[in-house]
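None of the figures in this text is laboratory data; all of them are computed from the coordinates on show. All values reported here derive from a predicted model rather than from experimental measurement. Note that each Cβ is placed from the backbone with ideal geometry, even for glycine, and that neighbours are counted across all protein chains shown.
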Amino acid sequence: MKITSLLQEEKRATVLFMSLFYIVFFLYDIFYYNLFPLFPWTANVKPDGVWYLLNFIKHFIIICLIPITIYFFKKGDPGKVKYIVVITFLVTNLITDIYYYFGKADSYSSGNLVELVIIMFSPIFINKRFFYLVTSGLILKYLLVGVFIQDPVILFPVIILIILAGISYILLHRILRYVTVLKTSYDEQLAGMVKGVIATLELKDPYTRGHSERVAEYAMSLAKATGKVNDSELHSFYYACLLHDIGKVNIPDTILAKHGKLTEEEYEVIKTHPVVGAKAIEDVEGIGDNLAVVYHHHERWDGKGYPDGLVGEETPLVARITAVADAFDAMTSTRSYRPALPFEEAYTRIIDGKGSQFDPELVEVFKQVYPDWITISKQYLKDHTPKEGCKHENP
């Protein structure tokens, strides 16, 4: 499965943030603790051996964040890096600041340029939770230092931070507004495109009318119930489910609408639709990330499915979810070769397929959401049944 665009952007933002953080962190420390004391107007605070040890430990810890960052990048989870970096920096800085000034007569004159970088560049992640952590963390750090050293001058950097936080929040708010508008516009275009494709498929195969929508709703219900599909993935997952049978546009009408049993050759043609469908959507932004839904929704738990004959968890979770939803709706829908089965019988067949056709854990979750699927089916029928007043009457 391709790395999502959001993940790529998170990585880029994290690399930029980490680069600025380390450049400013080391340049500032070199200047502040080595060059700045040489000026005659600076405070005459003489660090002792313990302070130098604490500062060395702080730098060592900050450097150790680099391999941690690499680890989370390789793991595909760069979102945690910024939290780890900021929390580590705040804690280590709090300890060294308190030790540096505690019990000394000199007024507080620290603060760190890195803090300005953190708070001013926090909007690049377009994440309110991270922004709130940065703002509250920095202010809390200064308040704790003020409590220990009992110096009212600590209020000055707090005021500066509040002003900068206000500016950063305005930037973050405006970015979020633009992103929301763009996302809404993109979603509307994507929805229109998907509906158009589905309508085309239904014209070609009338027996699948409504199948895509119901499968998508069933699959969403099951995915949420598992608790294993992130909310950020559900949106893309839904559209991929709608297009899970898009490859059937390449199947001849004579095979799709055939009333009798398919020949072996015809069945082999049918089995090409997942591959064709996946190829059709692989470059579609917002759907291609869930390519497995289209490509693998006919795989079986026992390895007897197609196109790759995957066994068990070799089939991605999203495809295993779609397989259950697809089979249930196929059984409860009227097809060219048979009438629809009662819901109770379809339910029994899903249960009987536990461990052979379907993921055993998903079948257990299916039992829980089955009442919701009945509601989904009834609601779809209600929404798509012509009302009496809408019937066309001959003059």
For this session: Write down, largest first, the equivalent ellipsoid semi-axes of the chain in whole Å, where each equals the square root of 5 times an eigenvalue of the alpha-carbon gyration tensor.
Result: 60, 22, 18
Exercise. What 222 nm value per residue comes from the helices of the chain, counting each DSSP H run with n ≥ 4 as -39,500 (n - 2.57) and dividing by all residues, nearest 500 deg cm²/dmol?
Worked result: -22000 deg cm²/dmol
Exercise. Mean separation of Cα pairs under 8 Å and 6+ residues apart, divided by the residue count of the chain: what relative contact order is that in percent?
Worked result: 13
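Would you mind getting me the FRET efficiency between Glu265 and Lys195? Use the beta-carbon distance for r and R0 = 30 Å, nearest 0.05. Don't jump to the answer; show the numbers that get you there.
Numbers: r = 33 Å, r/R0 = 1.11.
Here the calculated transfer efficiency is 0.35.
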Exercise. Over the range 141-285, what number does the Rg to Rh ratio reach, with both radii from the alpha-carbon atoms and Rh per Kirkwood?
Worked result: 1.33
Exercise. Once the Cα gyration tensor of the range 206-382 is diagonalised, what are the square roots of 5 times its eigenvalues, in whole Å and ordered largest first, as equivalent ellipsoid semi-axes?
Worked result: 22, 20, 17
Seminar exercise, completed: So, with points 7 Å from each Cα along the Cβ direction, the Ile23-Ile87 label distance in nm works out to 2.8
Seminar exercise, completed: Among Lys82, Lys74, Lys128, the residue with the largest mean-square fluctuation in a Gaussian network model of the chain built from Cα contacts under 10 Å is Lys74
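Please identify the DSSP H helices in the chain that span no less than 27 Å along the helix axis (Cα) and have a mean Kyte-Doolittle hydropathy of 0.0 or more.
Going by DSSP H runs, the hits are 5-30, 49-75, 81-101, 128-149, 155-204.
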Exercise. Hey, got a sec? Which trypsin sites (Lys or Arg not before Pro) in the range 153-211 land in a DSSP loop and have at most 16 other Cβ atoms within 10 Å?
Worked result: Arg209
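Using 0.36 nm per residue of separation minus the Cα-Cα distance, give me the extension gain between Asp253 and Glu313 in nm, one decimal.
Between Asp253 and Glu313, full extension yields an extra 18.2 nm.
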Problem set entry | Computed magnitude of the charge dipole of the chain (debye, nearest 20; Cβ of K, R +1, Cβ of D, E -1) | 780
Problem set entry | Chain lengthening between Val147 and Lys75 when straightened (0.36 nm per residue, less Cα-Cα) | 21.9 nm
Exercise. Under a GNM of the chain (C-alpha, springs under 10 Å), which listed residue has the highest mean-square fluctuation: Leu341, Leu176, Leu381?
Worked result: Leu381
